[in-house]
Amino acid sequence: MIYCLVAAALLSNQADVPTARAHHALIYDPASKGILLFGGSTPVDGGKSFKFFNELWRFNGNTWNLVGKVGDPISSFRLAYDSHKKKVFSYGGYTSTGQVIGDFRVLERDKWRTIASEPEMIAAEPGFVYDIARKRFVVYGGSASREKVNTTTWEWAGEKWQKSSSASPDVRGDFVMIYDEKAQKTILVGAATDTDLLMTTWIYDGKAWSKVDSNGPEKRFAAGSAYDSKRGVVVLFGGFGSDRVLGDTWEWNGKSWRRVAQSGPKARGMGYMAYDPVRDRTVMFGGRYSWPDDANDTWEWNGKAWHQLN
C-alpha cells in the first residue's frame with residue numbers, strides 16, 4: 001500500500017513537469033514571483049514531424065504549475081519584461097503551420113494580445129530585449145526564411161517600430177541577445193552563419209553597435225543565457241559547438257568573459273534560462289541534447305554551482 005502511494009506521487013509529480021522541448025522561452029514574472037515558461041516544439045516520430053506547444057507554465061522555485069493553454073502553438077519566439085509597464089511581451093516566432101511571424105504581443109491575464117504585426121519584421125529566433133534605461137524594446141536579426149536572415153535593428157518606444165540608423169552586426173542566426181542592466185547596454189554574442197560559427201561580442205548602446213575584443217567562450221550557437229541582476233553579470237550556458245555539444249558555464253561582467261563552471265547539466269543547446277531575483281537563482285529548463293533528443297529537466301545556478309531540481 002505504501003509502495004503504491006509513493007509510486008502514485010512520483011507519477012503525479014512527473015506529470016506536473018513540462019514535457020521535453022526546445023525553441024521555448026523562460027522569463028521571470030515579478031507579479032507572481034515565479035518563472036514563466038511558454039511554447040516551444042520538439043521532434044516526434046524520430047524527427048519525421050514536430051509537436052508544437054502553447055502551454056503557459058509557472059515555476060515557483062519548487063514545482064511547475066500549468067497555468068493553461070494560451071493562443072496558438074508557437075516556437076522560436078522571444079520574451080522580454082517591461083519593468084515600467086510591469087508586463088511580459090513576446091516577439092516573432094515560428095508557427096505549427098510553418099509560418100514565420102512578426103507579431104509583437106503582450107501577456108495580459110494569462111492571455112496574449114497582439115499589439116502590432118509587421119510584415120517587414122517577420123523573424124524566428126530574433127534578438128528581443130527591453131532597454132530599461134531608454135524605456136524601449138529592441139529587436140535585431142532572426143530568420144525570415146531559410147534563405148533570409150534579418151540584419152536590421154528595430155526599436156519600439158510605445159507607438160510603432162522604427163529602424164535604427166546604426167549599422168547592425170553582420171548576418172547571423174541563433175545568437176544570444178540580452179540586456180545588461182548594470183551597463184545599460186544590449187549584449188549580443190555567439191551565432192551561426194552559412195559557413196561558420198561565431199563568438200564575437202557586440203554591444204548596442206542605443207546609438208550604435210560596437211564590436212568588443214575579448215577572449216571568451218569557444219564558438220557556438222543556440223546557447224542559454226540570463227542576466228543575474230544581483231551580481232551584475234550575464235550567465236551563458238552550453239550551446240552547439242563546431243564539433244560537439246557544449247556544457248560549460250560563463251559569465252560576462254560588462255568587460256570580459258570568465259568561465260565559472262565546466263560541469264553541471266548535461267551538454268545541450270537551447271537550454272533556455274531566466275533569473276529569479278527573489279531566490280537569487282538562474283533557472284534553466286529543457287533544451288536539445290542532440291537531434292532529435294530533447295530534455296525536460298530543471299536546473300538552478302546559484303552563482304557557484306548547478307543543482308538539478310527534477
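We did not get these values from a lab; they are worked out from the coordinates using the rules stated. Here the structure is a predicted model, which means the values were calculated and not measured. Here the Cβ positions follow ideal geometry from the backbone for every residue, glycine too, while neighbour counts run over all protein chains shown.
So how do His307, His23 line up by other beta-carbon neighbours within 10 Å, fewest first? All intermediate terms of the calculation are to be shown ahead of the outcome.
Details: His307 12, His23 26.
Fewest to most other Cβ atoms nearby, the residues stand as His307, His23.
For Thr153, Thr63, what's the fewest-to-most ordering of other Cβ within 10 Å of each Cβ?
Details: Thr153 23, Thr63 13.
Taking fewest neighbouring Cβ atoms as first place, the list is Thr63, Thr153.
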- Query: Extent of region 28-308 along each principal axis, from alpha carbon coordinates, in Å, largest to smallest?
  - Reply: 44, 44, 40
- Would you kindly state the longest site-free stretch of the chain, with sites defined as trypsin sites (Lys or Arg not before Pro) in a DSSP loop (not H, G, I, E, B) surrounded by at most 12 other Cβ atoms within 10 Å? 256-303
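Holding the Cα-Cα limit at 23 Å, pick out from Lys207/Lys255; Lys86/Lys255; Lys211/Lys255 the pairs that are longer than that.
Details: Lys207/Lys255 19 Å; Lys86/Lys255 29 Å; Lys211/Lys255 12 Å.
Going by Cα-Cα distance, Lys86/Lys255 fall outside the 23 Å limit.
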- Note on the structure: Over the chain, the sum of -39500 (n - 2.57) across DSSP H runs of at least four, divided by residue number and rounded to 500 deg cm²/dmol, gives at 222 nm -1500 deg cm²/dmol
- Task: Tell me the GluC sites (Glu not before Pro) within region 126-187 that lie in a loop according to DSSP and have at most 13 other beta-carbon atoms within 10 Å.
- Result: Glu147, Glu159
- Task: Give the angle, between 0 and 90 degrees and rounded to the nearest 10, that separates the Cα long axis of helix 2-15 from the longest principal axis of the Cα atoms of the chain.
- Result: 20
- Please name which of Trp301, Val212, Ser75 has its Cα lying farthest along the dipole of region 28-308 towards the positive end, using unit charges on Cβ (Lys, Arg +1; Asp, Glu -1) and the Cα centre as origin. Trp301
- Note on the structure: Ranked from fewest to most other Cβ atoms within 10 Å of their own Cβ, Phe52, Phe285, Phe221 fall in the order Phe52, Phe221, Phe285
- At a Cα cut-off below 17 Å, give the aspartates and glutamates reachable from Lys33, other chains included and same-chain residues fewer than 8 away excluded. Asp82, Glu108, Asp110, Asp228, Asp276, Asp280, Glu300
